[in-house]
Amino acid sequence: MNQPLIDLVNISKSFDGELILDDLNLSVKENSFVTLLGPSGCGKTTTLRIIGGFVSPDQGRVIFGGEDITRMPPNKRQLNTVFQKYALFTHMNIAENIAFGLKIKGKSKDYIRDKIKYALKLVNLDGFENRSVDSLSGGQQQRIAIARAIVNEPRLLLLDEPLGALDLKLRQDMQYELIRLKNELGITFIYVTHDQEEALTMSDTIVVMNQGYIQQMGTPEQIYNEPENAFVADFIGESNIVDGIMLRDELVEIFGARFACVDKGFGQRTPVDVVIRPEDIDLVKPDDGTLTGVVTHLIFKGVHYEMEVTTDGGFEWLVHSTDMFPVGQEVGIHVDPFDIQIMNKPASEDEEAVGVNE
Amino acid sequence: MNKKSTRILAYPYLVWMAGFTVIPLLMICYYGLTDRTGAFTLDNILAVASTEHMKALWLSLSLSLISTLICLLISYPLALILRQHHIGKSSFVVFIFILPMWMNFLLRTMAWQTLLEKNGVINSLLSVLRLPPLAIINTPAAIILGMVYNFLPFMVLPIYNVLAKIDDNVMNAARDLGADNVTTLTKILLPLSIPGIISGITMVFVPALTTFVISNLLGGSKILLIGNVIEQEFTRGSNWNLGAGLSMVLMVFILISMTLIAKYDKNGEGTAF
Ligand SMILES: Nc1ncnc2c1ncn2[C@@H]1O[C@H](COP(=O)(O)OP(=O)(O)OP(=O)(O)O)[C@@H](O)[C@H]1O
Ligand SMILES: [Mg+2]
């Protein structure tokens, strides 16, 4: 059951002399929900199009179920795609849209009729057979696009930002629907989004991409709690990323103050990036804090207060807390050792550009 | 802008429409339905039933249908190629293609006349190459050639416009669902481009049906299209009443064919299975 279903091996792709994917390797297990996550233009759609067969890679191979399909045309591949803007056939009604793939495969009329009914039920649009595409809302069109793909019983479903055009409430509903669908059908999903919350909610595995490279791959917990570099930390959720010096194992210096941490093996007096999530900062009395600062901003966010605490060097710490400290109050900053993430500074200049310090 | 001021903006167009479309139409109807004395008669319309007029009408219909069909057969692949390679965006090719349209219509047709003449450019070339001469001047074939040449852009452009608007991902989706190139063409591209095909057909068929310049220049004096007959009634024969009556018949023909095409379009959408 846990064989790799699809393997991307050393994939490279350039457009107009510009390298978009650089030696990309990705292995996706059968029955998993893998999300490609990254900022706009990082090559997510390109990766998906290579898997779907709409773009052929300059180098590398695409292995599907053990078979090399790098040069196989899209219509011969046992996978289906849900496109970014639905791409429904506007000259056909809903039933014809869903039936399209099945008719090509020469299925019987009865089979097709049953499948349409089943698929429409699955996406909660029973009885929409004779509606026209134009008469459907965005969310409904999206669900038809999904229905049109899944009736073909693909082994792999590619979804390119399928919820991108929907409003927040509908997005959340559809996220649950998609997870339900995946579990019901047992299809492998490769899902593209640039919304980190969506990625964290839905996936088994998240692949964080930037500028054609895979930055980190792991479970949502791993990606969130143990980001491997500053880019991932910054891209997934909010975080404070500061320069630090690893004095020795389990001790890091930030802005001249010493914090106990749990990381080892960085050597002595090594410059590092330190990542601390806003919800992991405890505001205490000035005397009890490792660093002291002044609250410079306060916003009520519903579940918590969002505060900005400026410390001596002028650095503004983002803090989430259920306790409120008014603007102007002097506070101490305390962080538990296991809430401090230490990561190596990026080696190449290329990656340096990537680590955003905000 | 409020409703009133936008309505004022429409007046010049209304005046234009009244002056140059409605009034001439009414005048044609008046002339067509009266005789020289001004008395009401249907003779001018019934005159179409004479063998001579029926022959001209039939010839016009068949030549313009053939030309429209040829235009369509040339234009569709051409528009597809333009779309596929996004050539439309680099306007140079389109420019080259449209360039002849900037030349006077009459001039272009006369150019063909000199090319096709018995001792014209093409035949001189052929004789140099010791090939048999091309004898198509003053035949229906020459008229069809002139029609296709002159009206081709009016078929290509509307089809290209419709094709260019089809999202690449719609075609990708068809491929994704298992369609090969032929199926994608017949089940997706063709049905989606029907509006363009229809306006292309309209824009070629109607002028081809009514033309008299092309048949005058390339068909010689022996081949009379319905357009020539009408023209002659207005100019040489000075029988405006007969000319107007025949025009009305022609208009009815055009109306009927357009309605048929529009109806085919609706039926063409098909049903679920
Ligand atoms: N057909 C193409 N021709 C030229 N450049 C292309 C082509 N397709 C993609 N690109 C370029 O490749 C880069 C990556 O594009 P891609 O569509 O994969 O990004 P993405 O990660 O899906 O972004 P988004 O989140 O905005 O959809 C972009 O810089 C884009 O301009
Ligand atoms: Mg994309």
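The values are calculated or read from the model by the stated rules, or taken from the named source; none is laboratory data. Worth saying up front: this structure is predicted, and the values here are computed from it rather than measured. Here Cβ is always computed from backbone atoms with ideal geometry, including for glycine, and neighbour counts include all displayed protein chains. To get the accessible areas, we keep the full protein, side chains included, count just its heavy atoms, and leave off ligands, DNA and RNA. Shrake-Rupley method; radii C 1.70, N 1.55, O 1.52, S 1.80 Å.
What the table below lists for this structure:
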quantity	calculated
Cα gyration tensor category, rounded, prolate or oblate, for the stretch B:12-86 with a/c compared to 1.5	oblate
Cα gyration tensor category, rounded, prolate or oblate, for chain B with a/c compared to 1.5	oblate
Euclidean distance between Cα centres, the stretch A:98-131 to the stretch B:128-148, Å	55 Å
Dipole of chain B, positive direction: furthest Cα of B:5, B:183, B:216, with charges on the beta-carbon	B:5
Of A:295, A:208, A:62, the one that fluctuates the most in a GNM where chain A has Cα springs shorter than 10 Å	A:295
Quarter of the Cα convex hull surface for chain A, i.e. its orientation-mean projected area (nm²)	21.2 nm²
Nearby lysines by direct alpha-carbon distance to residue A:301 (threshold 25 angstrom, same-chain neighbours under 8 apart not counted)	A:169, A:285
Under 26 Å from the Cα of residue A:29 - lysines, other chains or at least 8 residues apart	A:13, A:44, A:76, A:182
Chain B: Lys pairs at Cα distance under 25 angstrom, eight or more positions apart or on different chains	8
Cα gyration tensor shape of the stretch A:38-160, rounded if a/c is under 1.5, else prolate or oblate by comparing a/b with b/c	oblate
Averaged over A:131-142, number of beta-carbon atoms from partner chains that fall within 10 Å	0
Partner chain coverage, peptide B:190-202 - average Cβ within 10 angstrom	1
Amide H within-cut-off set for residue A:5, under 5 Å, with H built and near neighbours excluded	A:28, A:29, A:30
The stretch B:68-85 - phi-based ³J(HN,Hα) in whole Hz, Karplus 6.51/-1.76/1.60, Gly and Pro as x	4, 4, 4, 4, 4, 5, 7, 5, 4, x, 4, 4, 4, 5, 4, 5, 4, 9
Ranked order, B:53, A:91 - accessible area, probe 1.4 Å, largest first	A:91, B:53
Shielding by partners, peptide A:89-97 (average Cβ within 10 angstrom, other chains)	5
Rg followed by Dmax, in Å, when the protein assembly as shown is reduced to its Cα trace	36.0, 117
Accessible carbon and sulfur surface of the stretch A:4-225 relative to its total accessible area, %, 1.4 Å	46 percent
For the stretch A:110-258, convex hull of alpha carbons as volume per residue, Å³	144 Å³
Reachable lysines, given that their alpha-carbon falls under 17 Å from the alpha-carbon of residue A:109 and they are not under 8 places away in the same chain	A:117
Beta bridges per DSSP with both ends in chain A, % antiparallel, nearest 5	75 percent
